[in-house]
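Contents: one structure, followed by commentary.
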Amino acid sequence: MQFDKALLIAEKNLIDGATLDELKEAVTDLRALTPNSVLADLVENRIKMIERQRQYCCRCVG
């Protein structure tokens, strides 16, 4: 299996159904194990996307 494909599968399995706090904890754990973790980078990007979506939705409702 190609590295990129394996990484995408791992990211999907890691974040499916996880809360934002769980994602942040996973990033912390990944960084502790591997400071330059590409998987942690992907999860951090996902966290940023979720937070931006929440901000946008809060503006629409408010």
Ranked list, fewest to most other Cβ atoms within 10 Å of each Cβ, for Ile50, Ile9:
Ile9, Ile50
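Calculated from DSSP H runs of 4 or more alone, at -39500 (n - 2.57) each and per residue, what is the 222 nm mean residue ellipticity of the chain, nearest 500? Mind dumping the intermediate values first?
Details: 3 runs with 51 residues, N = 62.
It lands at -27500 deg cm²/dmol.
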Have a look at Ile47, Cys58, Thr34 and report the one farthest towards the positive end of the charge dipole of the chain, computed about the Cα centre with Cβ charges (Lys/Arg +1, Asp/Glu -1).
Cys58
For Ser37, other-chain or 5+-apart residues with amide H closer than 5 Å (H placed, Pro excluded) are none
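Report relative contact order for the chain in percent, whole number only (criteria: Cα-Cα under 8 Å, sequence separation at least 6).
Numbers: 21 pairs, mean separation 19.2, N = 62.
The value is 31 percent.
Every read-out reported here was derived from the displayed coordinates using simple, explicitly stated rules and does not represent laboratory data. Model, not experiment: these values are computed from the prediction. All Cβ positions, even for glycine, are placed from backbone atoms using ideal geometry, and neighbour counts span all protein chains on display.
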